[in-house]
Structure formats: structure tokens, C-alpha cells
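Below: one structure, written as C-alpha cells.
Readers should treat all values here as calculations from the given coordinates under stated rules, not as data from a laboratory. Please read these numbers as outputs of a predicted model, since none were measured by experiment. For neighbour counting, all protein chains shown are included, and Cβ atoms are generated from backbone atoms with ideal geometry for every residue, glycine included.
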Amino acid sequence: MSAKSLVGKHLIFQTVEYGFERARQDSTFSRLRTVPGIGEILALTILYEVGDINRFAHARAFCSYCRVVPGIHQSSGKAYRSPSSKQGNRYLKWSFSQAALMAIRYYPEIRGLYDKLVAKRKKAARLVARSIIAHKLAQAAFQVMKHQVAHKEELLFRFSKNKTEVKAVTPSV
């Protein structure tokens, strides 16, 4: 390796470390990490890509900006679902998709919802289920950032007493 490329890598490493140090001092960063599936890197990405959360009036606008909602085309009073458009922030879509994968893997309650959603669908079941969970996690992240509160699992998912049936709910604060 040349000396020039080593200097470049060192500068990148210093920049990333500086970003983490600044983020760790922010309480929003700590609160974002309470959302299932969101670790340090994803929290940092979400925090810096969103910027000022107050520019979004409600969770629907935030989720649309994050590209975690399906596209809808309407014609003659009929609505057709299609893949999401390319409008919005692709890094936020990646972040919430990765958070959904981690949440499905390491949180049994979310895994239960995922299995239920997969069983309900026939075509592209796993992909649709991951997208739905990414959307739920984006809603949770919005609530955490907008209201400056730690994530509460019961606001995102409601469980029955026997814990076999999982029902998704929209968080409201």
C-alpha cells in the first residue's frame, strides 16, 4: 500500500471515530439504540440522515421519506400496490431494512410476528414480512426521536396473554 492510501484510511477512521464520539453525547442516539435491531452504526446512520425530526409532521411522512412504505398507484377509483418509488432517502431504507433483519433474528416477539406474516402470504412472503417490520421499526424510531422517550416494546407490538398470538399496533404517544 502506498503512503497516500494509508493516510486516507487513517483520516476516514478518525472521522468515523469523531462522529461516534459526538453521537454518544446526544441523548437521541442512546434512545434510538433502544429500538429493536438498531445498534451503534444504524443509530448513527439514522441520526445523521434524518437531521431535524421536526420537519416531519407525523410518522406517515417520516416513513415515506425513509422509503419503507409500498408505492400505491390509483386509477378509476382503484388502488394498486407496487414497489416503492425511488423518492426518499435510500440510506434510511437500508438502515431500517437491516434493523428489521437483526430484530427478526434476535427478538423472539418480532420473530413471532414475522412468522405469522409469512404464513399469511403466498407470493414474496418473506420480503413483504421484512418490509412490514422495517415499517414498524421506522414508526418506533420516529416516536423515539420526536417525543424524546425511550422505546417501549408494548407500543410497537401487543401480545396476548398466552404469547402465542402476536398483533402489530401502531405506536401512539
- [ ] Could you please let me know if LEU113 is loosely packed, with under 15 Cβ neighbours inside 10 Å and farther than 22 Å from HIS147 by Cβ?
- [x] no
TODO: Of all residues in the range 19-38, count the ones that are among the small types (Gly, Ala, Ser) and within 16 Å of ALA138 (Cβ to Cβ).
DONE: 1
Task: Qualifying position, being under 22 Å from SER27 (Cα atoms), assigned to a helix (DSSP H, G or I) and among the small types (Gly, Ala, Ser), among ALA140, ALA61, ALA100, ALA119 - done: ALA140
TODO: Restrict the check to the range 35-42 and report whether at least one residue is crowded, with 22+ Cβ neighbours inside 10 Å, in contact (Cβ under 8 Å) with a residue 40 or more places away in the chain and on the phi > 0 side of the Ramachandran plot.
DONE: yes
Open item on the list: So ALA43 passes all but one of these: (1) of a type in the set (Gly, Ala, Ser); (2) in a helix (DSSP H, G or I); (3) closer than 21 Å to VAL128 by Cα. Which condition number does it fail?
Closed with: (3)
